[in-house]
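Working notes, beginning with the structure itself.
Where a number appears in this text, it was derived from the coordinates with a stated rule and is not lab data. It should be emphasised that the depicted structure is a prediction, and the values quoted were computed from it without experimental measurement. Here the Cβ is made from the backbone with ideal geometry for all residues, glycine too, and neighbour counts use every protein chain on show.
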Amino acid sequence: MYKAMKILIEKKFYKTADVAQNKLDVFYAANRLSDDAYIELTAMVTDRYSE
C-alpha cells in the first residue's frame with residue numbers, strides 16, 4: 001500500500017490534499033501503513049499539494 005500511495009501522491013492523483021490525507025487516514029486506521037510510512041506520506045501530501 002505504501003508504494004501505491006507514494007506514486008499517487010507524487011503524481012497528485014487526488015484532487016485535494018484533504019482527499020489524499022483521508023485515504024492515508026483510512027489505510028493507517030486499518031493497519032495497512034506503518035507509523036513511519038504514515039508520517040512520511042503525510043509529509044509528502046503537505047509538501048506536494050502546497051504547490
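Couple of notes before you dig in:
- Listed values [x] 20, 23, 20, 17, 12, 6, 1; [y] 34, 51, 13, 2; [z] 28, 63, 8, entry calculated as P(r) over Cα pairs in 10 Å bins from 0, in percent: [z]
- For the stretch 2-48, size of Cβ-based charge dipole, Lys and Arg +1, Asp and Glu -1, in debye: 320 debye
- Under the criterion of Cα pairs below 8 Å and six or more residues apart, the relative contact order for the chain equals 49 percent.
- Over the chain, DSSP H runs of length four or greater, each weighted -39,500 (n - 2.57), average out per residue to a 222 nm ellipticity of -22000 deg cm²/dmol.
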